[in-house]
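The values are calculated or read from the model by the stated rules, or taken from the named source; none is laboratory data. Since this is a predicted model, take the numbers as computed values, not measurements. Note that each Cβ is placed from the backbone with ideal geometry, even for glycine, and that neighbours are counted across all protein chains shown. Calculation scope for accessible area: heavy atoms of the full protein, side chains included, ligands and nucleic acids excluded. Shrake-Rupley method; radii C 1.70, N 1.55, O 1.52, S 1.80 Å.
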Amino acid sequence: KNDVLQPETPEQKGSSLFIMHCASCHGEDGKFGASGAKDLTLSRLSDQEIEKILVNGKNAMPPMSVLLENKENLNLVIKHVKPLRK
């Protein structure tokens, strides 16, 4: 039995970051909409537009750049949210 903790894959890390920082308003499936959060399944924003909102915040959503810590994590979250689209 292998008890060694395996590092998260990029997909798992993007999912973990989303659940930690985004799901309370957007929901794990992107549809929750608490506090006026947009339904991410309806989004047609480009990666650059998503990044701008993550960095600067929008309406009730605060900037996430401090929480996400770096560009790599920002990109992992972008890669996580895009497949939620319908």
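Rounded to the nearest percent, how much of the accessible area of segment 1-84 (1.4 Å probe, protein heavy atoms only) is carbon and sulfur? In segment 1-84, the share of accessible area belonging to carbon and sulfur is 57 percent. Between Lys52 and Lys86, the modelled labels are 2.5 nm apart [label points 7 Å from Cα along Cα→Cβ]. A P(r) calculated from all alpha carbon pairs of the chain, with 10 Å bins opening at zero, reads 18, 53, 21, 7, 2 percent.
Once the piece of chain linking Cys25 and Thr9 is laid out straight, how much longer is it, given 0.36 nm per residue of separation minus the C-alpha distance between them?
Difference between extended and current length: 3.3 nm.
What number comes out for accessible area per residue over the chain if the probe is 1.4 Å? Units Å², please.
Per residue, the chain has an accessible area of 69 Å².
Within a straight-line Cα-Cα reach of under 21 Å, Lys52 can be paired with the following lysines, leaving aside sequence neighbours fewer than 8 residues apart in one chain: Lys13, Lys31, Lys38, Lys71, Lys79, Lys82.
Would you calculate, for the chain, the mean residue ellipticity at 222 nm contributed by helices, counting each DSSP H stretch of 4 or more residues as -39,500 (n - 2.57) and dividing by all residues, to the nearest 500? Walk me through the numbers on the way to the answer.
Values: 5 runs with 41 residues, N = 86.
Counting only the DSSP helices, I get -13000 deg cm²/dmol.
Applying 1/(1 + (r/R0)^6) with r as the Cβ-Cβ distance of Asn70 and Asp39 and R0 = 35 angstrom yields a FRET efficiency of 0.80.
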